[in-house]
Amino acid sequence: MNIRAVIVDDEALARQRVRQLASGEPDVEILAECASGAEACTVLLRERPQLVFLDVQMPEMDGFDVLDQVPGDCLPLVIFTTAFDRHAIRAFDAHALDYLLKPLRADRFREAIERARARLGQQQARAMVTSLLTFLDERTQSPPLVAASTRRLTRLTVKADDKVVVVRTADIDAIESAGNYVSVHVGPESYIVRDSLTALEAQLDPHRFLRVSRGALVNLTRVKELHAMAKGEHLIVLHNGRRLPMSRGLREVERALRFS
Amino acid sequence: LAQAQLAALQMQLQPHFLFNALNGIAALMHSDLHAADRMLGDLSELLRMTLEAAEEPEVPLRRELAYLDRYLAIEQARYGHRLTVERAVDSDVLDAVVPTLILQPLVENAIKYAVEPVRAPGIVRVCAQRAGEALQLTIADSGSPRAADRPAPGHGIGLSNTRARLAQLYPKAHALTVEPGVPSGSLVRVTMPYRVEAQPHCRGTAT
């Protein structure tokens, strides 16, 4: 599996240096070189690389401007390159994968690529686990291999206007209670279901769905971050950006996440 | 002296410049050994001259221009066609003395405003001429379209250091002005007494 990468630097020699070091990594494929921030924006959207080597200081549009301009879902992993380290803190704020100082050192470069491999590998592993779980979900649909009492809910049928929508439980991001109803969040959609949170919780896979507060069940595979708030409370941030309050203990949630 | 040398180094050469130059050399070593060799030579010479500068407050313009050439050779390798340097130096001023390393920070400033922030080629023009009893050095740049980015004239660190040195060496006999360039950019004009060192410097810089 190749790592598709783009080099962005206004200095030709600096781009050349990155290319040389990358040529020592057989799985890194350089798709393009950009000599300006504006060019980088176009190329990132067009090539959709997995990794970008991004110079911080460039004319007219610097590395941070580039990141601001590119929509979040098109953002690759970012390795910043710069001659001087006063930008380091901002770089890490920008969620850089790594930060390389010029002159680029071969050993540090290799380390950064190693990091990129690990991160991309995680993403792939996550995708594989999800597809495996889906497969298992579907298998349990046909001949019941497990006793009926332990069978888990794999799909919900939801009434929406004049149709019935079938929602795979694996696709649910979170379920929040709303009086006598629950609101089922699936990607950009939210469906109202006449049921109680507790009743649903009992039928859902406990390894997958966790009650993080009185009012919410969360699909653990959708959790991206846990943010500390005031008074020891936390906030759960899902991959799609949805935020939910969490009253359950942090340690407990973390453990559940690790085994989900 | 060691401390003065260190201070000179720190004041003269921006970390950005040094590290980018080294990065460029690292790149060239794989593609063009001769060019890498040259750039390393230029950088070493530049460092050596900077260290020596701490020892002598004034040098003949000829030597100052040699220093500038090393500096520009490195900048040229970094910026390529984006940087054009023009020079007009009257031959009768080559032996005139100037404050050591006076030109490089002014040229660096010009590059910072006319080349670094602009994708189109930028021009830096260095002139030296005699005007009666005075020697006049001018550094002009073609400017940036984002002229607002430029700090108010005379407020840059580079300029205030230069001003302080001139005041120390030629009290009441110097001037440093910044004017709008023609057709764009700006022009820094340094005026000092025209004087030829009685004892010519024969200290070579070649190794």
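The values are calculated or read from the model by the stated rules, or taken from the named source; none is laboratory data. It should be emphasised that the depicted structure is a prediction, and the values quoted were computed from it without experimental measurement. Using ideal geometry, Cβ is built from the backbone for each residue, glycine included, and neighbour counts are taken over all protein chains shown.
Observations on the model:
- Residue count for the range B:54-91 under the criterion of being within 21 Å of B:His16 (Cα to Cα) and either in a loop (DSSP other than H, G, I, E, B) or not polar (S, T, N, Q) (or both): the result is 17.
- So B:Leu9, is it within 12 Å of another protein chain (Cβ to nearest Cβ), part of a helix (DSSP H, G or I) and either at pLDDT below 90 or within 29 Å of B:Leu94 (Cβ to Cβ) (or both): no
- In summary, B:Ala114 fulfils each of the numbered conditions (1) within 14 Å of another protein chain (Cβ to nearest Cβ); (2) out of contact with any Ser or Thr (no Cβ under 7 Å at 6 or more places or on another chain); (3) not β-branched (Val, Ile, Thr) with the single exception of condition (2).
- Picking from residues in the range A:100-112 that are within 14 Å of chain B (Cβ to nearest Cβ) and outside any loop (DSSP other than H, G, I, E, B), the one that is nearest to A:Asp27 (Cα to Cα) is A:Phe109.
- Complete set of residues in the range B:73-92 that are more than 14 Å from chain A (Cβ to nearest Cβ) and either aromatic (Phe, Trp, Tyr) or crowded, with 20+ Cβ neighbours inside 10 Å (or both): none
- Test: residue in the range B:46-69 that is hydroxyl-bearing (Ser, Thr, Tyr) and under 23 Å from A:Ala14 (Cβ atoms): no
- Hey, B:Val98 assigned to a strand (DSSP E or B), touching a residue at least 60 places away in the same chain (Cβ under 8 Å) and either within 14 Å of chain A (Cβ to nearest Cβ) or in contact with a Ser or Thr (Cβ under 7 Å, 6 or more places away or on another chain) (or both) or not: no
- Residue within the range A:37-47 that is surrounded by fewer than 21 Cβ atoms within 10 Å (Cβ to Cβ), facing chain B (nearest Cβ under 9 Å) and within 19 Å of A:Leu100 (Cα to Cα) present: no
- Only listed residue being in a strand (DSSP E or B), modelled with pLDDT of 90 or more and under 23 Å from A:Gln122 (Cα atoms), chosen from A:Leu217, A:Leu210: A:Leu210
- Among the residues here, B:His16 does not qualify as farther than 23 Å from B:Asn109 by Cα, over 13 Å from the mean Cα position of the chain (by Cα) and free of Cβ contacts under 8 Å to residues at least 12 places away in the same chain.
- Among the residues of the range A:1-35, the ones that are outside any strand (DSSP E or B), of a type in the set (Val, Ile, Thr) and more than 10 Å from chain B (Cβ to nearest Cβ) come to 0 in all.
- Just one of the listed residues (B:Ala36, B:Ala53, B:Ala21) is away from chain A (no Cβ under 12 Å) and touching a helix residue (DSSP H, G or I) at 6+ places or on another chain (Cβ under 8 Å), namely B:Ala53.
- All positions within the range A:220-238 that are surrounded by 13 or more Cβ atoms within 10 Å (Cβ to Cβ) and part of a loop (DSSP other than H, G, I, E, B): A:Glu233
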